[in-house]
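Take a look at the structure set out below.
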Amino acid sequence: MSRVARASQPRRLVALDGAVTAALPGKVWLVGAGPGDPELLTLKAARLIAAAGVIVHDGLVSTDILAMAAPGARLIDVAKRKSRHTLPQDDINRLLVAFARQGLDVVRLKGGDPFIFGRGGEELEACRAAGIACEVVPGVTAALAASASAGAPLTHRGLAQAVTFVTGHAAHGDPDLDWDHLARANQTIVIYMGLSTAGLIAQRLASAGRDPATPALIVVNASRADEARYPTTLGQLAATAEGLSGPALLIVGEAMALAHASFETLTSSAPQDDAQGGLHPIRHGEERALRRASRTTQGAQ
């Protein structure tokens, strides 16, 4: 049986109402789990996960990382599922406070970094308001992992003097972004949660003056075994994103030309593009195999 306890679907966490308050409250740790690869965890994060009595985690936290929890730890999944709505943020805040008031040390485990589109600031405020000690442990955000694996730096002399992280998701309507600023050349734009709005984002950037030929890259499942990378351009961003799913980053900027060069080198002996002219994605396993084959060939010469 899975050790991951699935949170139910209550409108209120009534099971915790009236819970006994311990003489000495516990502590809440907002911990960044990184993009998925357990080896990208910080040492502090790994230690806290192994020691926690309660772990409240997002759906983006990998099973390999959850397996690092102590055998007796209670794991509570507050991720969005097709079968139920997301647990409201206010209820997550109350859950953290309630467990801490019972004298438990609680790890709130978040994909990436708690303060990069992770709503960690709201949970920190809720703990402070309740008088609960709370500490933040940073994690590797997905943009850094995607950039590293693609061999395309987010900043690069002569190509990208700045990098901006934005979200492509908005509760209502268009993302509220400064398109004129984002359209300036020689900077990298990283869009989190942007697959469904890729067409809109590309249109807004192009309309504000960003060259449609600007190199771009989509990375799905950054740092994981099934990571896939799709080099493209701003003008082709929507077409490339069509049909993709999973946690994804859209990265736009001149420095992504280095990812294109890496892609072309690694696929020089791979099957050609499909009949529709689409690009084959590069995955971790394929990349490693191609590199090993290249080293073996060179050593035999």
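The values are calculated or read from the model by the stated rules, or taken from the named source; none is laboratory data. Note that the structure is predicted; figures quoted are calculated from it, not measured. All Cβ positions, even for glycine, are placed from backbone atoms using ideal geometry, and neighbour counts span all protein chains on display.
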Just one of ALA293, ALA257 is part of a helix (DSSP H, G or I), modelled with pLDDT of 60 or more and more than 22 Å from the chain's Cα centre (by Cα); which is it?
ALA257
Test result for ASP113, surrounded by 18 or more Cβ atoms within 10 Å (Cβ to Cβ) and either modelled with pLDDT under 95 or of a type in the set (Asp, Glu) (or both):
yes
Residue match in the stretch 141-156 (condition: surrounded by fewer than 20 Cβ atoms within 10 Å (Cβ to Cβ), modelled with pLDDT under 95 and over 19 Å from the mean Cα position of the chain (by Cα)):
no
Meets criteria (without any contact (Cβ under 8 Å) to a residue 60 or more places away in the chain, under 19 Å from THR167 (Cα atoms) and in contact with a strand residue (DSSP E or B) (Cβ under 8 Å, 6 or more places away or on another chain)) for GLY253
no
Tell me which residues, restricted to the stretch 157-170, are among the aliphatic types (A, V, I, L, M) and either closer than 12 Å to GLU254 by Cβ or over 16 Å from the mean Cα position of the chain (by Cα) (or both).
LEU159, ALA160, ALA162, VAL163, ALA170
If ALA79 passes every condition in (1) touching a residue at least 60 places away in the same chain (Cβ under 8 Å); (2) touching a His at 6+ places or on another chain (Cβ under 9 Å); (3) not hydroxyl-bearing (Ser, Thr, Tyr) but one, which one does it miss?
(1)
Tell me, please, whether a residue that is assigned to a helix (DSSP H, G or I), more than 16 Å from the chain's Cα centre (by Cα) and more than 20 Å from ARG119 (Cα to Cα) can be found in the stretch 51-63.
yes
Inside the stretch 53-63, can you point out the residues that are more than 8 Å from LEU109 (Cβ to Cβ) and at pLDDT 95 or above?
VAL54
Of the residues in the stretch 121-140, how many are touching a residue at least 40 places away in the same chain (Cβ under 8 Å), surrounded by 17 or more Cβ atoms within 10 Å (Cβ to Cβ) and among the hydrophobic types (A, V, I, L, M, F, W, C)?
7
When you scan the stretch 162-173, how many residues do you find that are modelled with pLDDT under 95 and surrounded by 13 or more Cβ atoms within 10 Å (Cβ to Cβ)?
4
State yes or no: is ARG119 basic (Lys, Arg) and modelled with pLDDT under 95?
yes
Identify, by number, the condition in (1) in contact with a helix residue (DSSP H, G or I) (Cβ under 8 Å, 6 or more places away or on another chain); (2) surrounded by fewer than 23 Cβ atoms within 10 Å (Cβ to Cβ) that VAL107 doesn't meet.
(2)
The listed residue being among the basic types (Lys, Arg) and modelled with pLDDT under 90, out of ARG47, ARG12
ARG12
Subset of the stretch 174-229 [in a helix (DSSP H, G or I) and either buried (at least 19 other Cβ atoms within 10 Å of the Cβ) or of a type in the set (Val, Ile, Thr) (or both)]
LEU182, LEU195, THR197, ALA198, ILE201, ALA202, LEU205
